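Enquirer: My structure is below; once you've seen it, I'll send some questions.
The values are calculated or read from the model by the stated rules, or taken from the named source; none is laboratory data. This is a predicted model, so every value here is computed, not measured. FYI the Cβ positions are ideal-geometry reconstructions off the backbone, even for glycines, and counts take in every protein chain you see.
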Ligand SMILES: *Cc1c(COP(=O)(O)O)cnc(C)c1O
């Protein structure tokens, strides 16, 4: 190491403080705030700015005595870049306060322990890399559920499990909120293309955010303040905040354990629902709002420089307020070249003038290219039994009987688990609209399960498949559509509105319909929906009470359905609980008893037996506590059963090379896979005559046969190196809405 220790004399007489990362924009670096804070302590201190583009606006700020533009990170030699900074520090006998975390990490790795570089040691950077579980442990905080995602299948599975309120985060920077599959695909692509390296998916936490800024030297905490954001930019960056001092506690321990040097920021969120405090991230540098903290009293940048150089502050710390706001200010500057054109909606270069994305990509490991893998034995058997398809029948949809039967096994197991746990007879009613294929209905029928329908023609399809009327549930808003007056005999009838209930009562009273259970579908209360009756709305509840009294009905069924695959199991259970408690009020007022509770469908494909039985059991307990024990519980699986039970077989027509990599064109299309934007389909590949292989995550795409831009049934795959026209691709997970909503187009 070539460090020259700072001698007391040079430090006290004329230290220079070098500050890097001085861009001041909507998403600023801390450099300018650091300079302002240091100026408050030492009006005459020599401050020099370093950045990597003349567009880093703080370079023109009057706080700096000198500004340096170093080569940008795209092509620069990384060793030379670091050596230049260190030699500046050594030649001035001063210190460097880095404002860019990747630059700080690089410096720490290349010049570990240099006394003039006020950055944490390399091991500290490793500890705070996302998701920073070890850092959270030391700080006494939880970490939100997360998954390191290789590709879209992984990420979509995680997002569905967390109600499609998740963040995609880069290894060091960036956090993109995501609520749909297309957003997820875009975010994964953006994070990878901008920063390199794998992305992290993390559950959203609803709550109040707090940031803690601190300064430390060699593991000793020099001070810390907590800040609550009171104004945010559209990107969620701080624009105003209130600040209060914090005592060391866990933070002091964290600083000691990591032997932290320099500034840092801990971002924490307190979950509103649970009160649990979660660590969002630890930034290995001062935050951009650090000067806001200085204005409230503690001057952490000055304390750091004093501790590192021995230079006492010329002016004491002083508090001017308990908070701060930002303002925009024009300052004189040398003219910059105008941008050639205005990028839409704002280029990365404009957002990151210090070119951290370029450095991040250079430091990121190359993305591994997974070779096609072996499918598990059950899938291989299932696929072998479903094929071959007759020549000339590509593309075509095939039934995977093994997947269907194992899905039925799982649902049977769930019924038994819930019945054992709650003491209530539990059955499932397969949702016919999800996929009305006769083979699927037949398999459900043979298991003795029920069917859930939304039209009289679906009821007929069930009777044709061998169901008796008492095993059919009829619901939905259009149940009397095309009713020709012929008697209808079903096991349960659920009504979607007060008027639907009145009409259905009339149909039953006329003897045109017979049902064991007459019931109401409850709407969600906190989640918008077009379905069901909102019993938390007093006029609606009064109308229902009146209709029940008029009809002399004393026993009813209750139905609740909202897709847990969309809102997540936690929100589902909360919505169910709220709907049931509104229903319990009605029952108490009218003296009506609930015989049957139907818990609906919308369960995420891939949900395990334990998980599904767990949620249903909790729901039955909620219902039992509020309403008394029902005689019967139903639930209505659709896609959890049907989605894995069919696949679309296709033939490769063309393999093309382009600037964005290779793509395969197949004879299938989004007409056979209309739910392409709803969930990613796993894809198998084979050479004719060879075994099927599973394709892993990558950056390549499968394009459909249609002349439509959006006909890309699958993005984000690694195609096999030797893929050729005539090979076969099998799109799995095509047995739910891909089947029932498929259409004829371009054939
Ligand atoms: C569509 C539907 C289902 C099945 O939904 P999936 O998402 O396929 O599980 C169950 N119950 C009702 C009332 C439905 O409308």
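Enquirer: Check the range 382-404 and report whether any residue there is within 16 Å of the ligand (Cβ to nearest atom), within 16 Å of residue 643 (Cα to Cα) and buried (at least 21 other Cβ atoms within 10 Å of the Cβ). Before you say what the answer is, go through the steps one by one.
Expert: Our first condition is that a residue be within 16 Å of the ligand (Cβ to nearest atom); within the range 382-404, this holds for 403-404.
Going one step further and asking which of them are within 16 Å of residue 643 (Cα to Cα), we end up with 403-404.
With buried (at least 21 other Cβ atoms within 10 Å of the Cβ) added as a condition, the list becomes 403-404.
Among the residues of the range 382-404, at least one is within 16 Å of the ligand (Cβ to nearest atom), within 16 Å of residue 643 (Cα to Cα) and buried (at least 21 other Cβ atoms within 10 Å of the Cβ), which makes the answer yes.
Enquirer: Tell me which helices (runs of 4 or more DSSP H) are completely within the range 266-381 and hold 1 or more residues being at pLDDT below 95 and under 30 Å from residue 149 (Cβ atoms), or say none if there are none.
Expert: Correct list: 348-351, 356-363.
Enquirer: Given the condition buried (at least 21 other Cβ atoms within 10 Å of the Cβ), within 30 Å of residue 122 (Cβ to Cβ) and without any contact (Cβ under 8 Å) to a residue 24 or more places away in the chain, answer yes or no: does some residue in the range 167-183 qualify?
Expert: no
Enquirer: Out of (1) touching a helix residue (DSSP H, G or I) at 6+ places or on another chain (Cβ under 7 Å); (2) at pLDDT below 95, what's the single condition that is false for residue 486?
Expert: In the conditions (1) touching a helix residue (DSSP H, G or I) at 6+ places or on another chain (Cβ under 7 Å); (2) at pLDDT below 95, residue 486 misses (1) alone.
Enquirer: Evaluate the following for residue 617: is it modelled with pLDDT of 95 or more and more than 23 Å from the chain's Cα centre (by Cα)?
Expert: yes
Enquirer: Here's something else I'd like to know. Under 7 Å between Cβ atoms, which residue pairs at least 6 apart in sequence (or on different chains) link something in the range 409-434 that is within 16 Å of the ligand (Cβ to nearest atom) with a partner that is at pLDDT below 95?
Expert: Listed by first residue and then by second, the contacts come to 431/601.
Enquirer: Oh, and also: Which numbered condition in (1) away from the ligand (no atom under 16 Å from the Cβ); (2) within 27 Å of residue 384 (Cβ to Cβ); (3) modelled with pLDDT of 95 or more is the only one that residue 737 fails?
Expert: (1)
Enquirer: Same structure, new question: Counting just the residues of the range 593-646 that are in a loop (DSSP other than H, G, I, E, B) and more than 16 Å from the ligand (Cβ to nearest atom), which one comes out surrounded by the most Cβ atoms within 10 Å (Cβ to Cβ)?
Expert: Among residues in the range 593-646 that are in a loop (DSSP other than H, G, I, E, B) and more than 16 Å from the ligand (Cβ to nearest atom), the one surrounded by the most Cβ atoms within 10 Å (Cβ to Cβ) is 630.
Enquirer: Tell me, please, whether a residue that is assigned to a strand (DSSP E or B), within 27 Å of the chain's Cα centre (by Cα), buried (at least 20 other Cβ atoms within 10 Å of the Cβ) and in the same structural domain as residue 298 (by the TED database) can be found in the range 220-238.
Expert: yes
Enquirer: Here is a further query. How many of the residues making up the range 120-132 are surrounded by fewer than 18 Cβ atoms within 10 Å (Cβ to Cβ) and at pLDDT 95 or above?
Expert: Total meeting the criteria: 2.
Enquirer: Follow-up. Report, ordered by the first and then the second residue, all pairs with beta carbons closer than 7 Å, sequence separation of six or more or different chains, a first member in the range 326-352 that is more than 20 Å from residue 27 (Cα to Cα), and a second member that is at pLDDT below 75 and surrounded by 10 or more Cβ atoms within 10 Å (Cβ to Cβ).
Expert: none
Rundown of residues vs (1) outside the structural domain of residue 631 (by the TED database); (2) crowded, with 21+ Cβ neighbours inside 10 Å; (3) more than 41 Å from the chain's Cα centre (by Cα); (4) away from the ligand (no atom under 16 Å from the Cβ), yes/no style:
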site: 438; (1), (2), (3), (4): no, no, no, yes
site: 447; (1), (2), (3), (4): no, no, no, yes
site: 465; (1), (2), (3), (4): no, no, no, yes
site: 476; (1), (2), (3), (4): no, no, no, no
site: 480; (1), (2), (3), (4): no, no, no, yes
site: 491; (1), (2), (3), (4): no, yes, no, no
site: 503; (1), (2), (3), (4): no, no, yes, yes
site: 519; (1), (2), (3), (4): no, yes, no, no
site: 523; (1), (2), (3), (4): no, yes, no, no
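Enquirer: Does any residue of the range 255-275 turn out to be surrounded by fewer than 24 Cβ atoms within 10 Å (Cβ to Cβ), touching a helix residue (DSSP H, G or I) at 6+ places or on another chain (Cβ under 6 Å) and more than 24 Å from residue 115 (Cβ to Cβ)?
Expert: The answer is no; no qualifying residue exists.
Enquirer: Identify, from the list 675, 660, the residue that is within 12 Å of the ligand (Cβ to nearest atom), under 27 Å from the mean Cα position of the chain (by Cα), in contact (Cβ under 8 Å) with a residue 12 or more places away in the chain and not assigned by the TED database to the domain that holds residue 153.
Expert: Numbers: 660 fails: within 12 Å of the ligand (Cβ to nearest atom).
Only one candidate passes the filter, namely 675.
Enquirer: Could you list all residues from the range 564-592 that are within 16 Å of the ligand (Cβ to nearest atom) and more than 23 Å from residue 473 (Cβ to Cβ)? Write out each step before concluding.
Expert: Of the residues in the range 564-592, the ones within 16 Å of the ligand (Cβ to nearest atom) are 564-569, 571-572, 575-576, 579.
Residues satisfying the conditions are 568, 571.
Enquirer: Would you pick out the residues in the range 19-46 that are surrounded by 24 or more Cβ atoms within 10 Å (Cβ to Cβ) and touching a strand residue (DSSP E or B) at 6+ places or on another chain (Cβ under 9 Å)?
Expert: 19, 20, 21, 22, 23, 29, 30, 31, 32, 34, 35, 38, listed by residue number.
Enquirer: Check the range 545-558 and report whether any residue there is buried (at least 18 other Cβ atoms within 10 Å of the Cβ) and within 16 Å of the ligand (Cβ to nearest atom).
Expert: Yes.
Enquirer: While we're on this one: Tell me which of these residue 535 doesn't satisfy, since it passes every other one: (1) within 16 Å of the ligand (Cβ to nearest atom); (2) closer than 30 Å to residue 164 by Cβ; (3) crowded, with 22+ Cβ neighbours inside 10 Å.
Expert: (1)
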